[in-house]
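**Student:** Structure incoming, see below.
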Amino acid sequence: MIPVCRLEDLPAGESVRLDTTPPVAVFNADGALYAVDDTCSHQDASLSEGWLEGCLVECPLHAASFDLRTGEPTCLPARRPVRTHRVSVVDGTIHVHLADPTATPVPASAPLTAAASLSAPAALAASGPGRGSLTGEGSAA
Amino acid sequence: MNTVTVVGASLAGLYAARELRAQGFDGRLVLVGAEPHLPYDRPPLSKAFLTDTDRAASTPTVTDSAGASATGTGASPDREHSPATRTSPTTGTAPGTGIHAPYESAPESQLALTDPELALTDPEEITDLAAEWLLGVHATGLDQHGRAVLLDDGRTVVTDGVVIATGASARRLPGPQPAGVHTLRTLADARALRADLTRGPRRVVVIGGGFIGAETASSCVALGHDVTVVEAAPLPLIPQLGPDMAMFCADLHRQGGARLLTGTGVAGLHRMAPAYPSGDAYSSGDAAQPGGTDPSGATDRPGATALGSSRTRSSRTESRGPANPGHVTAVELSDGRILPADVVVVGIGATPNTGWLSGTSLAVGDGVLCDAGCVASLPQVVAVGDVARVGGVRAEHWTSATEQPRVAVRNLLAAQTVETVTALPYFWSDQYGSRIQFAGHRPADATVRITEGSPDDGGFLALYEHAGRVAAALAVNCPRPFMRTRRELRAQRTATV
Ligand SMILES: Cc1cc2nc3c(=O)[nH]c(=O)nc-3n(C[C@H](O)[C@H](O)[C@H](O)COP(=O)(O)OP(=O)(O)OC[C@H]3O[C@@H](n4cnc5c(N)ncnc54)[C@H](O)[C@@H]3O)c2cc1C
Ligand code: FES
């Protein structure tokens, strides 16, 4: 489980990139939180820098669009999904559980409790460096 | 419409095939492609493909001729190429469609297996498209009414509609091409260049500072080579970006570690001819280089590699060995300077592949002339991608090649222009760690205003303004603000079209 940032630091419409290997992008899509692999499945672009509309993110390089709920591309040129990761909010802090098979949108208004973070211990072992540093567009700009 | 033939099986051709099926065309779909490969993506060829040395080691050769052997040479000798004649055991039939899908059992997917980063399609999609792929086959002509495509193996595809997607070819220097001299357009080009670049440190001269030249130079620097870029204009990329932003890009070369020489053309190439006129080449390692086998080598003559004013005063060897133009040793500039070179990359633009249409009644002039809906001068013939001059403009951008086919196919199936291409031009380029993105039409007298970041920090958004409006935008490492501006430009364009 990787802490990302305080919930209030990721307002609706914003995204943040975790410097994990591979990097992960976390989105606040109108109040629902999602995390997917940051690198577009097409070529080399960062989805955290993409255009967020509803629960779709458009890649900044060639405009492939991904459904954040499933990671599936909704149009070309991407043909493969990006991995989704589960997100939880524990005591007001957003956490990502790496490599979950499906992302669970978390309504920002109703943060989950610690219980949610217990469901994916196996995935955590493979999560690499524990702390994701914040290099989202907020800090990059 | 029973049969549609797509000539050119690359980016625009593949998108056209997809659109045909997506828009309900369920007839016979034939794709003719001169290269032996299934469609692959070119932009990585000057970028990651060159620098990814792991991949270089793992894919020395690929059986790229697989496509050709399954189709071009395995095909029936019949003059008329029709489904009935194509019962070769190497081809399969897509269940229920009656249309041959030669790639079902697909040794041809080897490209996808060995270079997944480049493959534009996969076996599943190939099956779904239910098309006949004639790869390694050149179209050589179109009959008077555009109802038959002639092939270089003597066959003819009788067709009701034609999509021309033959793209463009890299412009070359005149004369024979000595070993060590490369252009970069195809996978074969990129493999040959990469092979030359993996033989230890080289002195690389890139002729032409356009996008492909700049990207190649950047990749060569990343590989540790000594790189000089030669640009005839006072600055590279002025026509594309205007002087201010061209200046910024020129600095990228210098900051990135390449030398940039501007305002000087190339007079010619110096080369060392083989020590012996034939057989025993200059060095056995170089004997297999494409330059050495270039058919134009047969016309080798003194000064043949010189450009314009024939100032090459090369070596002892120019009159020797007509079949082998030897190996490049230096580039001579028009101001007399001589740049020693082991590898030369010629990036001086591309010319549309319309040669196969000469002698036909189709209107051609720096591209296939089309209306704004990609419809050419013969009925039921459309053109897309780098070869198409659409409404007076010929773009050489990846995105145009992917956006035009939807409109072109719609008009082809409607048998008239019912929609025009309104997409906003867009391209990107990656060089020296900077991602450059550009959208819109840049008026020559536009003024440039930086609205985010700053060139000194290496990340910024620049707006090209003209008559009180934003006409185009350029971003360097500034994707989010660029996307916003691109959307605004698109909306503005839709509102005014
Ligand atoms: C090295 C490189 C880097 C690039 N980088 C970028 C970039 O960063 N950004 C960007 O926007 N664009 C870039 N481009 C441009 C982009 O790749 C092209 O715009 C795109 O490939 C055009 O697609 P196309 O299908 O129209 O033509 P092409 O890709 O040229 O394909 C045409 C195909 O038709 C075949 N053909 C030709 N004649 C015949 C014939 N008579 N019969 C049968 N087949 C024929 C050719 O062999 C070829 O396979 C780059 C191009 C290159 C070469
Ligand atoms: S890199 Fe994302 S669509 Fe191409």
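A short reminder: the numbers here are calculations on the coordinates, not readings from a lab. The structure displayed is predicted, hence computed values, not measured ones. Cβ: placed from backbone, ideal geometry, glycine included. Neighbour counts: every protein chain shown.
**Student:** Per residue of A:47-54, what is the mean number of Cβ atoms on other protein chains within 10 angstrom of that residue's Cβ? Write out the running numbers ahead of the final one.
**Tutor:** Working: counts 0, 2, 6, 3, 6, 0, 0, 0.
Taking all residues of A:47-54 together, the mean is 2.
**Student:** For region B:363-497, what is the Kirkwood hydrodynamic radius in Å, using each pair of distinct C-alpha atoms?
**Tutor:** Numbers: mean 1/r = 0.0623 Å⁻¹.
Averaging 1/r across every pair of different Cα atoms and inverting gives 16.1 Å.
**Student:** Another question about this same structure. State the dimensionless ratio Rg/Rh of region B:433-496 (Rg: radius of gyration of Cα atoms; Rh: Kirkwood radius).
**Tutor:** Details: Rg = 11.4 Å, Rh = 11.8 Å.
Radius of gyration over Kirkwood radius for region B:433-496 works out to 0.97.
**Student:** Return one quarter of the surface area of the convex hull spanned by the alpha-carbon atoms of region A:2-114, equal to its mean projected area, in nm². Don't skip to the end; give the middle numbers.
**Tutor:** Values: hull surface 23.6 nm².
So the Cα hull casts an average projection of 5.9 nm².
**Student:** Size of the dipole of region B:433-496 about the Cα centre, Lys and Arg at +1 and Asp and Glu at -1 on the beta carbon, nothing else charged, in debye to 20? Numbers along the way, then the final one.
**Tutor:** Details: 10 positive and 6 negative charges, 79 e Å.
In debye, rounded to 20, region B:433-496 gives about 380.
**Student:** May I pose another question? Along the positive direction of the dipole of region B:182-260 (beta-carbon charges: Lys, Arg +1; Asp, Glu -1; about the Cα centre), which of B:L235, B:A250, B:L197 reaches farthest?
**Tutor:** The residue sitting most towards the positive pole is B:L197.
**Student:** Still on this structure, I have one more. Subtracting the Cα-Cα distance from 0.36 nm times the residue separation, let me have the gained length for B:D143 to B:V158 in nm, one decimal.
**Tutor:** Gain in length upon complete extension: 4.5 nm.
**Student:** Over the whole of B:470-478, what's the average partner chain Cβ count within 10 Å per residue? Rounded to a whole number, please.
**Tutor:** Numbers: counts 0, 0, 0, 0, 0, 1, 0, 2, 4.
Mean partner shielding for this stretch: 1.
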